């Protein structure tokens, strides 16, 4: 539930960062039900959640976000870290559940999408997080 001045997790990146193709994250995720590449995708989302919960903007920019997202955030005032810092200060709910992972793309350009569930103002919301594989690691590329 939101308190005045605090936005739920989904709103974290929806405001200023939606324009640059990134939307939500959280701190609690389940990866146990996934195997192989699907587990790696779920783990990436879990890592992003932990970094957001820990307010570690440096790790989010360096480790969790796709290079295309980081480039767009770097063009914002204060760069990627400042854009994330401003938004993370407004978050009061860092819980999210990875429901499904779908792998796609080609061997040369692997992509994935993860169906996730979070609680927003007392209501369950389903979203899809898109990921790309860069230099052998899954990175978050967007959330509608």
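The values are calculated or read from the model by the stated rules, or taken from the named source; none is laboratory data. Bear in mind the structure is a predicted one, so any value in this text is a computation, not a measurement. Don't worry about glycine lacking a Cβ; one is built from the backbone with ideal geometry, like all the others, and counts go over all protein chains shown.
Would it be correct to say that residue 112 is at negative phi, part of a strand (DSSP E or B) and in contact with a strand residue (DSSP E or B) (Cβ under 9 Å, 6 or more places away or on another chain)?
Numbers: at negative phi: yes; part of a strand (DSSP E or B): yes; in contact with a strand residue (DSSP E or B) (Cβ under 9 Å, 6 or more places away or on another chain): yes.
Considered against the rule, which asks whether it is at negative phi, part of a strand (DSSP E or B) and in contact with a strand residue (DSSP E or B) (Cβ under 9 Å, 6 or more places away or on another chain), residue 112 comes out as yes.
Residues in region 37-64 that are modelled with pLDDT under 95 and surrounded by fewer than 17 Cβ atoms within 10 Å (Cβ to Cβ): 54, 55.
Condition test on residue 82, is it in contact (Cβ under 8 Å) with a residue 60 or more places away in the chain and part of a helix (DSSP H, G or I)? Walk me through how you get there before you give the answer.
Numbers: in contact (Cβ under 8 Å) with a residue 60 or more places away in the chain: no; part of a helix (DSSP H, G or I): yes.
The answer is no for residue 82.
Count of region 129-144 residues, restricted to those that are touching a strand residue (DSSP E or B) at 6+ places or on another chain (Cβ under 7 Å) and surrounded by fewer than 15 Cβ atoms within 10 Å (Cβ to Cβ), is 1. Annotation note: Cβ proximity below 8 Å between a residue of region 65-79 that is assigned to a loop (DSSP other than H, G, I, E, B) and a residue that is at pLDDT below 90 (sequence gap 6+ or interchain) occurs for 76/16; 76/20; 78/86.
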